[in-house]
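So that we are looking at the same thing, I have put the structure below in C-alpha cells.
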C-alpha cells in the first residue's frame, strides 16, 4: 500500500544565527500526535515544518528547518523500538540538524530503549553525546520534582495513566534510564534556577555519554534548561515532551518571525477523540454537549 504524503505545517522560513537558536531540527517521536505537537511548537512561531510517517519522506522536506517524524514505536517492545529508532536515524539524521527525541510526558512506550539507541547513534557519528532530558509539560499538569514525574502535584505512579499503562517500576528518571544501561545525572530544581546551570551542562557535555535528567515545575524552568543547554556541545540532543519543544522554539520569540496563520475554511473541522484517558473522554462529552458539533460514536473494532 502506498504511504500517504507527509502532512505539512507551514510557516515563514526565517534563518537565525546559531547564537540565537539552532536553525535545523529533527524531531523523532514515538507516535503521530507527539510528532505534530512538537512540530507545531515551531510552526506557530513562523518556522516551516513537516510531519512525516512511514516511508513518506520527500527530498524537498530536507530543505525545511524542522522535520518531525513518527516512528510509530509506542506499542513496540524495547528491543524493537530501539531498532526502529536506529533505522530512522540512519535515514534522516543529518550533520547540523539538532535532534529532539520526543517522548510521552508520562513515560508510556519505550523511552529508555529509544534514548539508548539515539545516544548510540550520535556517539558513533560525532563522538560522546549529552542528552538533556526534561519530560515536564507544566501546561498539562506534568512536572518533574526531585527527579520524579508528577501529575497535578501527585506522583505519576498514583495517576490514572500509570495505573492503566506503564513500562517501568518507577517514574524516577535516573532509574528509568538505568534500565537501558544509560548513565543519568539528576539536575535539581535549585540548580535549574541557580547561576551555575550552564556550567553544569558544559561539564556533563565534556564527560559525554550521559543524560542530564532535569527537574522542571514551570514553563520558565523549561526555558532556563533550553537556553543553558542549547550550545553545551555540538553533540547535545534533547529528550522531552511538547513542553520542552515549546521552550526551544521560543528562544527566537523576539525575532521578526510571523506566526503561523491558518486560513478559515467553509468545509468544517473533523475532531477525532480516540484516547482511553478519562480527561479526553470528558472533554469530548463536554464538546458534544455544546450542540455546536455533530457527534458520531464509533464502536472499536
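A short reminder: the numbers here are calculations on the coordinates, not readings from a lab. Source: prediction; values computed, not measured. Neighbour counts are summed over all protein chains in view; Cβ atoms, including those assigned to glycine, are modelled from backbone coordinates with ideal geometry.
Neighbour counts of other C-beta atoms within 10 Å: give me 168, 69 arranged from fewest to most.
Ascending number of Cβ neighbours within 10 Å: 168, 69.
Please report the antiparallel percentage of the DSSP beta bridges confined to the chain, to the nearest 5. Walk me through the numbers on the way to the answer.
Details: 12 of 43 bridges.
Beta bridges within the chain, antiparallel portion: roughly 30 percent.
What 222 nm value per residue comes from the helices of the chain, counting each DSSP H run with n ≥ 4 as -39,500 (n - 2.57) and dividing by all residues, nearest 500 deg cm²/dmol?
-10000 deg cm²/dmol
Once you sort the root eigenvalues of the Cα gyration tensor of the stretch 108-240 as a ≥ b ≥ c, which label holds: rounded (a/c under 1.5), prolate (a/b larger than b/c) or oblate (the other case)?
On the way: a/c = 2.21, a/b = 1.26, b/c = 1.76.
Oblate, because a/c is 1.5 or more while a/b does not exceed b/c.
Once label points are set 7 Å from the Cα along Cα→Cβ at both residue 265 and residue 123, what is their separation, rounded to one decimal in nm?
4.5
Tell me, 269, 118 in order of fewest to most beta-carbon neighbours within 10 Å?
The fewest-first ordering by Cβ neighbours comes to 269, 118.
Whole number please: convex hull volume per residue of the Cα set in the chain, in Å³?
Enclosed volume per residue, from the Cα hull, is 152 Å³.
Calculate the spin-label point distance for residue 175 paired with residue 33, positioning each point 7 Å from the Cα along the beta-carbon direction, and give it in nanometres.
Going by the 7 Å Cα→Cβ label model, 2.7 nm.
Next question. Just want to confirm a number: the relative contact order over the chain, from Cα pairs under 8 angstrom separated by 6+ residues, in percent. Present the calculation step by step, with values, prior to reporting the outcome.
Working: 579 pairs, mean separation 62.5, N = 301.
Rounded, it is 21 percent for the chain.
In 5 Å bins starting at 0, how do the alpha-carbon pair distances of the stretch 161-301 split up by percent?
It works out to 2, 7, 12, 14, 14, 12, 11, 11, 9, 6, 2, 0, in whole percents.
To make sure I understand, if each residue's beta carbon is the centre and we count other beta carbons within 10 Å, what order do 265, 233, 126, 105 fall in, fewest to most?
Details: 265 7, 233 18, 126 13, 105 25.
Exposure proxy ranking, most exposed first: 265, 126, 233, 105.
Distance in nm between label sites at residue 54 and residue 167, each 7 Å beyond Cα in the beta-carbon direction?
So the label points at residue 54 and residue 167 sit 2.5 nm apart.
Can you give the FRET efficiency to the nearest 0.05 for residue 279 and residue 86, using r as the Cβ-Cβ distance and R₀ = 35 Å?
0.55
Related question: From the square roots a ≥ b ≥ c of the eigenvalues of the alpha-carbon gyration tensor of the stretch 165-213, which class results: rounded (a/c under 1.5), prolate (a/b over b/c), or oblate? Present the calculation step by step, with values, prior to reporting the outcome.
Working: a/c = 4.51, a/b = 1.64, b/c = 2.75.
Oblate shape, in that a/c is at least 1.5 and b/c is the bigger or equal ratio.
Using a Förster distance of 35 Å, how high is the FRET efficiency between residue 286 and residue 196, based on the Cβ-Cβ distance and rounded to 0.05?
Details: r = 46 Å, r/R0 = 1.30.
After rounding to 0.05, the efficiency reads 0.15.
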